[in-house]
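Each remark here refers to the structure printed beneath this line.
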There are 2 protein chains.
Amino acid sequence: MTKASKYLIFGGGAVGSVFAWRLQKGGANVSVICRSNYEAVRDNGFKINSVKHGPGVFIPDNVYSTASEAVSNNQVYDFILVCSKSLPNIVNPAELVAPSVLNKKTVLVLMQNGIGIEQYFEEKFPQNPIVPVTVYVDSFQTELGHISHGNTSKLEYGIYKSEHADNEYNKLILEQFEHDLLAGDVESVILKNLQRARWSKVIWNATFGPVSVVAGKYNARELIRDPLANQLVRNAMKELIELSDVVTGEKTTELPPDEYISGIMHFTDNRKNAVVPSMLVDFQNKRPMEHQVIVKNPIDVANKLGIKVPVMETLYALLVLLEKKSLGSDKE
Amino acid sequence: MTKASKYLIFGGGAVGSVFAWRLQKGGANVSVICRSNYEAVRDNGFKINSVKHGPGVFIPDNVYSTASEAVSNNQVYDFILVCSKSLPNIVNPAELVAPSVLNKKTVLVLMQNGIGIEQYFEEKFPQNPIVPVTVYVDSFQTELGHISHGNTSKLEYGIYKSEHADNEYNKLILEQFEHDLLAGDVESVILKNLQRARWSKVIWNATFGPVSVVAGKYNARELIRDPLANQLVRNAMKELIELSDVVTGEKTTELPPDEYISGIMHFTDNRKNAVVPSMLVDFQNKRPMEHQVIVKNPIDVANKLGIKVPVMETLYALLVLLEKKSLGSDKE
């Protein structure tokens with residue numbers, strides 16, 4: 001990989017566009033698959049207003065509307081960044097990307113939240129390197145092709161399955177990816193125990209997300225400031241911290257859990273704008289929520305290990321029941 | 001009490017009106033305090049259409065609009081049937097009734113659901129006999145003063161605090177009440193362990209009620225037939241069965257809990273019309289729900305005993321949070 005890496009961004013939304021832009025800025029060749037904003041981006045590129053990186057217009061090297069169109073010229077990509085939502089309860093996420101994957105050397109970079117997101121890709125692409133990423137970015141699409149971005153663009157990642165992490169080819173992959181990110185001014189952290197980072201993020205997403213929806217559309221600040229909701233989020237977080245400690249083989253925190261959670265709450269409460277969990281945004285927009293990978297997969301892990309997570313199980317059931325009513329899928 | 005007993009019915013709604021009617025039919029003197037339907041009942045009485053007791057018009061001996069009006073002639077009642085909802089989180093239920101209680105011999109018959117309903121009356125009226133009742137009646141008000149009633153009119157009751165149960169005066173009270181009920185063709189069961197009956201009813205009310213609301217307005221049949229909801233209701237019921245066994249000192253059932261619960265589900269599912277829990281009816285009509293006595297008081301009992309009820313705690317928190325949004329009480 002001495003020449004510019006070739007990237008395909010699967011999902012040109014608020015997350016994908018920011019990192020695609022930075023990678024191109026850093027010298028990579030970047031193609032993007034867009035869906036709802038395809039025409040806007042094809043005609044005008046992305047208009048990005050970023051606090052961290054400044055304002056800019058990002059014209060991808062290619063803009064495609066489908067996964068197969070992205071390889072219509074037999075293009076082989078070095079990296080495919082999967083930036084779509086993971087909704088395995090609706091469609092296998094690996095099947096969506098499959099038409100773009102022509103070569104077993106193509107690195108599948110999974111920029112998705114949740115636990116167990118890798119299993120779908122591992123099964124479909126047993127030979128491709130898989131790089132799960134914990135994404136930190138504060139961006140949203142204000143209108144089709146217009147992205148507003150704050151101060152954070154950071155990726156934490158590693159090779160899926162640590163027994164492969166010392167493999168020379170895999171090391172080269174991570175070095176190349178890091179080089180491309182740093183060249184675009186994206187914070188890059190290569191992790192050995194990347195599952196721990198994923199679980200840490202899930203401790204937030206799998207608690208604030210479901211509670212914000214099932215409590216009746218509360219944002220994170222409202223939940224923190226209501227004593228009953230605050231305690232409920234804490235109860236759920238404690239279940240996940242205990243679970244994460246066992247699963248990742250590393251303590252989530254050296255602090256007492258309640259103190260650690262207080263820190264999370266304090267940080268969240270002090271964000272300039274009240275945080276609206278993406279699960280609530282999806283629910284409000286009548287879009288399917290990522291409850292499978294963010295809530296159900298952790299519960300399944302707990303059940304396999306014989307660890308009780310009654311609060312999480314209750315939240316999950318209610319979330320799915322609410323979604324059924326909301327999306328009308330309870331009517332046959 | 002050789003002459004006709006004097007009854008005051010506090011709350012002439014769907015529950016109070018049916019039993020008031022039957023008591024008068026049996027020969028008692030019956031006055032009723034009405035609120036929303038006061039004018040309709042004062043002018044025309046109750047029109048009752050009952051499967052069990054036939055059609056009828058019930059003209060109370062007196063109709064009042066307030067608790068103090070009911071004693072404006074210094075009337076002393078033998079029995080006051082408290083048929084209003086118990087909402088101690090909003091107003092002390094005993095304070096509402098207090099203006100009608102002129103004598104410490106007046107029996108306070110608490111026809112209210114939930115756990116710990118007696119404490120408010122015991123504190124306010126330390127000398128009056130208290131008779132908690134578990135009510136079984138399938139009636140509703142179709143329009144002001146019009147009551148539709150099915151096949152069930154049954155009361156299970158006893159003297160609050162079993163150390164008083166053998167007291168001669170208390171025995172006479174129960175005999176008189178039973179006599180008056182039977183004369184009106186109401187099924188009457190005097191219980192020694194009346195808390196066990198109350199808890200049995202709470203096992204239904206405190207699970208189907210909250211879940212029907214927080215899952216997004218499902219009726220009981222929908223909950224039973226959805227595997228996730230079914231399991232959630234079961235999880236909650238198991239917590240309460242374990243708790244009830246400890247609190248009442250008597251097993252809820254000789255069956256394995258899962259089998260017992262299956263029986264409840266089967267019975268509920270096979271009711272002619274899908275059961276809409278009263279908590280959901282209240283929520284849909286933006287009326288306060290009885291979550292304090294039906295959900296919170298049992299949780300408080302569990303906490304005192306060191307018994308974990310995480311599912312019930314989660315449901316309770318969500319119920320209160322939803323109510324806040326629904327009634328707008330989260331806005332200051």
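What to note about this one:
- Number of the exception - B:HIS291 against (1) over 16 Å from the mean Cα position of the chain (by Cα); (2) farther than 14 Å from A:ALA229 by Cα; (3) within 13 Å of chain A (Cβ to nearest Cβ): (1)
- Filter pass, B:VAL131 being in contact (Cβ under 8 Å) with a residue 40 or more places away in the chain and within 20 Å of B:LYS192 (Cβ to Cβ): yes
- If only residues of the range A:213-223 that are at the interface with chain B (Cβ under 8 Å from one of its Cβ atoms) and more than 25 Å from A:ASP300 (Cβ to Cβ) are counted, the one that is surrounded by the fewest Cβ atoms within 10 Å (Cβ to Cβ) is A:LYS217.
- All told, B:ASN170 meets the bar of being modelled with pLDDT under 95 and more than 14 Å from chain A (Cβ to nearest Cβ).
- Qualifying residue in the range B:240-263 (condition: touching a residue at least 40 places away in the same chain (Cβ under 8 Å), loosely packed, with under 15 Cβ neighbours inside 10 Å and more than 26 Å from B:LEU194 (Cβ to Cβ)): no
- Here A:PRO210 meets each of (1) in contact with a Phe, Trp or Tyr (Cβ under 9 Å, 6 or more places away or on another chain); (2) surrounded by fewer than 22 Cβ atoms within 10 Å (Cβ to Cβ) with one exception, condition (2).
- Sub-9 Å Cβ pairs linking a first residue in the range A:218-230 that is under 10 Å from A:PRO277 (Cα atoms) to a second residue that is hydroxyl-bearing (Ser, Thr, Tyr) and modelled with pLDDT of 95 or more, at least 6 apart or interchain, are A:TYR218/A:SER212; A:ASN219/A:SER212; A:ALA220/A:SER212; A:ALA220/A:THR268, ordered by first then second residue.
- Scanning the range B:224-236 for residues that are under 15 Å from B:ILE203 (Cα atoms), within 9 Å of chain A (Cβ to nearest Cβ) and not polar (S, T, N, Q) yields a total of 2.
- Test: B:SER188 is buried (at least 24 other Cβ atoms within 10 Å of the Cβ) and outside the structural domain of B:GLU250 (by TED's automatic domain parsing): no
- Test: residue in the range B:309-329 that is more than 9 Å from every other protein chain (Cβ to nearest Cβ) and of a type outside the set (A, V, I, L, M): yes
The values are calculated or read from the model by the stated rules, or taken from the named source; none is laboratory data. What you are looking at is a predicted structure, and each value in this text was computed from that prediction instead of being measured. Because the Cβ atoms are built from the backbone with ideal geometry, glycine has one as well, and the counts that use them run over all protein chains shown.
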